[in-house]
Amino acid sequence: MASRKPIVVPSVAPARKPFTSGLTLSTGSGSTGSSAASSATGARANTTGASPSGAGAASPSIANNPSAIAAAAAAAAAATSGSTAAVREVSRQISNLELAQSRRRLSIMGTDRNDGATLTTLDGDKQFDTTEHIDVIRQTVESPADPLASPVVVTVQQQQQQQAAKPAAGVAAAAPGTAAAAAASSAAAPAQPAERKETLIREYYSLSKVGYVPYNPGKVNQDRACEVVPFGKSRDKAFFGVFDGHGQHGHLVSEFVARNLPKFLMRQKDLDTSPPSALSAAFLNCNGDLATQPRIDCAFSGSTGVAVYITGNKIYCANCGDSRAVIGRRQGSGYVAIPLSTDHKPDRHDEYNRIIAAGGRVEACRGADGVEVGPVRVWLRGQDVPGLAMTRSFGDLVAASVGVIARPEIEDYDHHEDDVMLIMGSDGIWEFITSQEAVEIAAKYSTPEAAAQALLREAEARWREEEEVIDDITVLVAFF
């Protein structure tokens, strides 16, 4: 099998201060009929604060010379690998370039979602952006220690005062007979009910395990997941996310995104009228804010992100990178996998073209004998950095100079009466398990917890068979 991307040793994160938040971080489980509770280990904590971040005007020399950005990024990174000031300067230049390009496109093409959306920042101001970095209110986040080093089980706030009777747990129980399936399958009801009183999700569970690297016994888990159920004030809404960090500070990037992406989404004024536009704006806002964080060096660190937003009978999946979400549907006597996302790899035709057009280079690593080794990666044109194995991500400021973007691809999906489960995972799950295999494995179990544990065990076993290392593995299973 192809080799994995290089694994680097992350730095130790500083201590954190207590923080009370409605955001639930993995590992966790929940049932839409359970009251709020936490395990003996307690809920995770973090500290946030807000301070304004000003927008700078684009320098003409920078804005008109994208290749100069790449050269500046590589030079700054090579000469000052640990210099925060140098990295911030690179980030500022990249941001100014993208903002200038966005405004030029706006003046020519007008404002639509793909070419010049008007996005709402935390302070209510409007900023233009079509790629990555936007000017937002900066949140200073205390970098937490690894919150997934040991499992934490967290339930969600009570969604209803009391359920008369909880249906029998299991994939089979999600068939006709449950509230969600009955609403979908009722002949008298319209194809899309005008209003739901509860979320489609009946029960969910998420689990994460740190990987294994022989020469790095102190490796930390760079994966994160989050669940927000219900999402906002509406009981028919839910939000789930899985984020896979990479690079030396990847765990800080994925932690930041897991904690802040739901907040950015909640603040989008068009969330109810145009969820795809709101999701895209939330990803871009979050990435722009990440680039300004003084405590997170993301020049060569970043995170993938796949998020699922459920409202009524609609499911929206926003994906950035190679984490994945899939629906499991009952079909006859078996189950079929329905993808909600598509991986963003450098060998995908449209992704490849964007990287090349931005001045990047796409090719595999080469061994001492010159033979290509492993998957193709994204590089600066004249230097062997950063070697990113995906073409969309949060952070990765140097890679952003050659076309790596944080704008997600969004899938709009209508829940079907035969849909029984949602599976989300980092590429630790998907490297050696296909989407179809994952659905078939999960369908053997009567609870999301048992299904998630089985998927993690199988993924870990296949890593041991194929590689000397094991990637971090995160999986979230939800039953409809």
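The values are calculated or read from the model by the stated rules, or taken from the named source; none is laboratory data. Predicted model, so just to flag it, every value in this text is computed and none were measured. Cβ sites come from the backbone with ideal geometry, for glycine too, and all protein chains shown count toward neighbours.
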* Asked: Counting just the residues of region 311-341 that are among the polar types (S, T, N, Q) and touching a residue at least 24 places away in the same chain (Cβ under 8 Å), which one comes out nearest to Gly425 (Cα to Cα)?
  -> Ser323
* Within region 438-480, can you find the residues that are more than 18 Å from Gln222 (Cβ to Cβ), crowded, with 24+ Cβ neighbours inside 10 Å and small (Gly, Ala, Ser)? -> Ala438, Ala442, Ala451, Ala452, Ala478
* Asked: Name the pairs whose Cβ atoms lie under 7 Å apart, with the first residue in region 224-241 and free of Cβ contacts under 8 Å to residues at least 60 places away in the same chain, the second surrounded by fewer than 24 Cβ atoms within 10 Å (Cβ to Cβ), and 6 or more positions between them or separate chains?
  -> Gly232/Met266
* Asked: Which residues, counting only those in region 421-437, are more than 15 Å from Asp244 (Cα to Cα) and of a type in the set (A, V, I, L, M, F, W, C)?
  -> Met421, Leu422, Ile423, Phe432, Ile433
* Residue among Gly387, Gly360, Gly370 that alone is touching a Cys at 6+ places or on another chain (Cβ under 9 Å) and of a type in the set (Gly, Ala, Ser) -> Gly387
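Quick test for you: out of Val398, Val378, Val402, pick the one residue that is free of Cβ contacts under 8 Å to residues at least 60 places away in the same chain and not polar (S, T, N, Q).
Details: Val398 fails: free of Cβ contacts under 8 Å to residues at least 60 places away in the same chain; Val402 fails: free of Cβ contacts under 8 Å to residues at least 60 places away in the same chain.
After ruling out the rest, the residue left standing is Val378.
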* To do: Determine if region 226-244 includes at least one residue that is within 9 Å of Ser303 (Cβ to Cβ), of a type outside the set (Phe, Trp, Tyr), in contact with an Asp or Glu (Cβ under 8 Å, 6 or more places away or on another chain) and surrounded by 24 or more Cβ atoms within 10 Å (Cβ to Cβ).
  => yes
* Asked: Hey, any hits in region 302-318 for a residue that's buried (at least 24 other Cβ atoms within 10 Å of the Cβ) and aromatic (Phe, Trp, Tyr)?
  -> yes
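I'm trying to understand the selection: among the residues of region 445-462, which are in contact (Cβ under 8 Å) with a residue 40 or more places away in the chain and more than 24 Å from Val229 (Cβ to Cβ)?
Filtering region 445-462 down to residues in contact (Cβ under 8 Å) with a residue 40 or more places away in the chain leaves 445-449, 451-453, 456, 460.
Selection gives Glu460 alone.
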* Asked: When you go through (1) touching a Leu at 6+ places or on another chain (Cβ under 9 Å); (2) among the hydrophobic types (A, V, I, L, M, F, W, C); (3) surrounded by fewer than 22 Cβ atoms within 10 Å (Cβ to Cβ) one by one for Ile429, which number turns out not to apply?
  -> (3)
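Among the residues of region 261-276, what is the count of those that are assigned to a helix (DSSP H, G or I) and either among the hydroxyl-bearing types (Ser, Thr, Tyr) or out of contact with any Asp or Glu (no Cβ under 7 Å at 6 or more places or on another chain) (or both)? Explain how you work it out, then say what you get.
First pass over region 261-276, keeping only residues assigned to a helix (DSSP H, G or I): 261-266, 275-276.
Narrowing further to those that are either among the hydroxyl-bearing types (Ser, Thr, Tyr) or out of contact with any Asp or Glu (no Cβ under 7 Å at 6 or more places or on another chain) (or both): 261-266, 275.
Residues meeting the conditions: 7.
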* Evaluate region 411-423: report whether one residue or more is of a type in the set (Asp, Glu), in contact with a Leu (Cβ under 6 Å, 6 or more places away or on another chain) and at negative phi. => yes
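Among the listed residues Leu271, Leu284, identify the single one that is surrounded by fewer than 24 Cβ atoms within 10 Å (Cβ to Cβ) and not β-branched (Val, Ile, Thr).
Numbers: Leu284 fails: surrounded by fewer than 24 Cβ atoms within 10 Å (Cβ to Cβ).
Result of the check over Leu271, Leu284: Leu271.
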* Kindly indicate whether any position in region 272-294 is aliphatic (A, V, I, L, M) and free of Cβ contacts under 8 Å to residues at least 40 places away in the same chain. => yes
* Asked: Considering only strands (runs of 3 or more DSSP E) fully contained in region 390-480, which possess at least 2 residues that are among the β-branched types (Val, Ile, Thr) and at pLDDT 95 or above?
  -> 419-425, 473-479
* Structure fact -> Given (1) closer than 30 Å to Lys444 by Cβ; (2) surrounded by fewer than 17 Cβ atoms within 10 Å (Cβ to Cβ); (3) under 25 Å from the mean Cα position of the chain (by Cα), Asp343 misses just (2)
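Within the bounds of region 234-246, is there any residue that is charged (D, E, K, R), over 11 Å from the mean Cα position of the chain (by Cα) and in a loop (DSSP other than H, G, I, E, B)? Before you say what the answer is, go through the steps one by one.
From region 234-246, those charged (D, E, K, R) are 235-237, 244; that's our starting set.
Among the residues that remain, those that are also over 11 Å from the mean Cα position of the chain (by Cα) are: 235-237.
Checking the rest, the ones that are also in a loop (DSSP other than H, G, I, E, B) come to 235-236.
Yes, the conditions are met somewhere in region 234-246.
In region 365-389, how many residues are at positive phi, outside any strand (DSSP E or B) and crowded, with 17+ Cβ neighbours inside 10 Å?
Restricting attention to region 365-389, the residues satisfying the condition of being at positive phi are 370, 374, 387.
Then keep just the ones that are outside any strand (DSSP E or B); that gives 370.
If we keep only those that are crowded, with 17+ Cβ neighbours inside 10 Å as well, we get none.
Residues meeting the conditions: 0.
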